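Data block below; observations after.
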Amino acid sequence: MHIARFNYSTKLFGVELLDFFNTDDITSHEVIFWDLDETMKKLQKQMILIKDRIGSESDASKASEGFRKHLLFRNEQFNSFFNKKGLIIMPLTNYSWSNDESMRDVLANMGLGFLVDKSIKLKPLKGNKVKAVASFDAFEGLLGRSPDCFRYTHVLQSKIGIPVLTTLNNDYVVGVMMNVDKGAVLLIPPFNSPDDIFRAYGKEVVLSCINRFNMDRLSQARSVDFTFPDWVGEISIGNESTFSGDLNDKLAELCSLKDSIQTIESELNDLGYYKRLICTDGSDLETTVKKTLEFMGFNTLSVSTNRADLLFEIGNTRVVFEVKGVGGSAAERHASQLEKWVNEEHDDNLGLPKGILLVNTFKNLPISERTEPSFPNQMLNFSEKRDHCLMTGYDLLQLLSLFMKGEKSKEQIAELLISTVGILKIN
């Protein structure tokens, strides 16, 4: 395994040191330790020095162009490194420069903007007792030899990547792997007194741990990415053909079941539409009343005055509907409005139509809480003298339900609506 360190201050004995600020090639390595904080702090200093020392615009332009080309070079390097399944290991810490817009742009231009993305939320918390997540147990050997080898300064508050290390009580994630293209970035806590650890246990313990982690990562990636060539399907082993047949049968059943579910969902949506009768007002309520009556087989007639809400032929009788949705009970003015439309729809040959006042009363309350009378006594005398039928949106919904279940026919509903004078009663 080829390992290098990239501006990493920790002395990993025998591991090649690379420099971000020259043309050191990272693509020939499999794993790179990178102290991003160290690199970006140096970069900040260099940018400040450039601004202070450069006098002319032409010099500034040259420096800026050179810096841009170097970032482009590093971007190409990182793309190639991750495409070759490389792993970068960085300390999990809060970067002091992360709010510097120019520094964020530098990382974005290298394709690494996610490292200071706002979705990565850290909480300051210090400790040195960590443990490996079961699916990534490569760190167990290192932690077994040196339980205090890490010293975390921050813990993750956001769910990102794949957890690798947690605090001893599993309360917080302190190590996480994020996949980048075919490669990955591993964020782990800073080493606790790294020089002492490497002197006591040797670099082999650390590098062996990293090597095993990387091998496990690549093995898991291969198991996900592997694709058999087409001709392998010609070979059948064990009960494979039986399982394949069973799978095809189950998939056919699943397809049929999905069709049935879609049909049922469509039916439920259609039925649910009519419940607007008990919770809406205005044109929405009028439209729902119209569609409900049409569903039960009654014919819509043209309103001559264009002022009555609805005019229907129910049985052999013309019926004018005044439709309202109100937060409380109906009022006599609603009945007066209905009577006005009835008179305006008078026909010399057919006479006066039947008047039905349909009010969705207490429209904002559940049905069980609509305990007060929908039609107060003071309006009954007026309506009964004029043969009005008084009904609620819930009454029409109940009639629709009885019709759908075959418990009341179109003719029975027509007879009930035409014959009712005063408040409608559904038996």
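Of the residues screened, THR263 is not one that is of a type in the set (S, T, N, Q) and loosely packed, with under 10 Cβ neighbours inside 10 Å. Beta carbons closer than 8 Å, at least 6 apart along the sequence or on distinct chains, pair a first residue in the range 376-392 that is over 20 Å from LEU352 (Cβ atoms) with a second that is hydroxyl-bearing (Ser, Thr, Tyr) for PRO376/SER329; THR392/THR361; THR392/SER374.
Residues in the range 13-42 that are part of a helix (DSSP H, G or I) and within 36 Å of the chain's Cα centre (by Cα): 3 in all. A count restricted to the range 336-389 and to residues that are among the charged types (D, E, K, R) and touching a strand residue (DSSP E or B) at 6+ places or on another chain (Cβ under 6 Å) stands at 4. Among residues of the range 124-165 being charged (D, E, K, R) and modelled with pLDDT of 85 or more, the one that is nearest to GLY183 (Cα to Cα) is LYS131. Would you say LEU285 is among the hydrophobic types (A, V, I, L, M, F, W, C) and open to solvent by less than 60 Å² (accessible area, probe 1.4 Å)? Criteria met by LEU285. The residues of the range 133-175 that are assigned to a helix (DSSP H, G or I) and of a type in the set (D, E, K, R), listed by number, are ASP137, GLU140, ARG145.
Residues in the range 341-375 that are free of Cβ contacts under 8 Å to residues at least 12 places away in the same chain and among the β-branched types (Val, Ile, Thr): THR371 alone.
The set of residues in the range 331-356 being over 13 Å from ASP309 (Cβ atoms) and hydrophobic (A, V, I, L, M, F, W, C) consists of ALA331, ALA335, LEU350, LEU352.
Within the range 7-23, residues that are closer than 18 Å to PHE191 by Cα and at pLDDT 80 or above sit with their Cβ atoms under 8 Å from residues that are part of a strand (DSSP E or B) and open to solvent by less than 90 Å² (accessible area, probe 1.4 Å), at 6+ positions apart or across chains, in these pairs: LEU17/ALA4; LEU17/ARG5.
Restricting the range 131-155 to residues that are buried (at least 20 other Cβ atoms within 10 Å of the Cβ) and touching a helix residue (DSSP H, G or I) at 6+ places or on another chain (Cβ under 7 Å) leaves a set whose member that is nearest to VAL174 (Cα to Cα) is ALA132. Taking the criterion of being among the aliphatic types (A, V, I, L, M) and open to solvent by 60 Å² or more (accessible area, probe 1.4 Å), the residues of the range 324-353 that qualify are LEU350, LEU352. Can you find a residue that is touching a residue at least 40 places away in the same chain (Cβ under 8 Å), within 41 Å of the chain's Cα centre (by Cα) and open to solvent by less than 50 Å² (accessible area, probe 1.4 Å) anywhere in the range 305-320? No.
Kindly provide the set of residues from the range 404-427 that are in a strand (DSSP E or B) and among the hydrophobic types (A, V, I, L, M, F, W, C), ordered by number. Listed by number, the list holds a single entry, ILE423. Could you tell me whether LEU271 is open to solvent by less than 40 Å² (accessible area, probe 1.4 Å) and within 30 Å of PHE362 (Cβ to Cβ)? The answer is no for LEU271. State which residue is modelled with the lowest pLDDT when the search covers only the range 54-111 and only residues that are more than 22 Å from VAL185 (Cβ to Cβ) and basic (Lys, Arg). This residue is LYS62. Against the criterion of being farther than 29 Å from THR27 by Cβ, open to solvent by 100 Å² or more (accessible area, probe 1.4 Å), of a type outside the set (A, V, I, L, M, F, W, C) and modelled with pLDDT of 80 or more, LYS182 does not qualify.
Residues in the range 161-176 that are open to solvent by 10 Å² or more (accessible area, probe 1.4 Å) and touching a helix residue (DSSP H, G or I) at 6+ places or on another chain (Cβ under 9 Å): ILE162, PRO163. Listed conditions (1) in contact with a strand residue (DSSP E or B) (Cβ under 8 Å, 6 or more places away or on another chain); (2) open to solvent by 60 Å² or more (accessible area, probe 1.4 Å); (3) at pLDDT 90 or above are all met by ARG276, apart from (1).
A quick yes/no check of all residues on (1) under 25 Å from LYS363 (Cβ atoms); (2) surrounded by fewer than 17 Cβ atoms within 10 Å (Cβ to Cβ); (3) not small (Gly, Ala, Ser):
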| site | (1), (2), (3) |
| --- | --- |
| SER383 | yes, no, no |
| MET391 | yes, no, yes |
| LEU397 | yes, no, yes |
| PHE403 | yes, no, yes |
| GLU407 | no, yes, yes |
| GLU411 | no, yes, yes |
| GLU415 | no, yes, yes |
| GLY422 | yes, yes, no |
| LYS425 | yes, yes, yes |
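The values are calculated or read from the model by the stated rules, or taken from the named source; none is laboratory data. None of these values were measured; they are calculated from a predicted model. We place every Cβ from the backbone using ideal geometry, glycine too, and count neighbours over all the protein chains shown. To get the accessible areas, we keep the full protein, side chains included, count just its heavy atoms, and leave off ligands, DNA and RNA. Shrake-Rupley method; radii C 1.70, N 1.55, O 1.52, S 1.80 Å.
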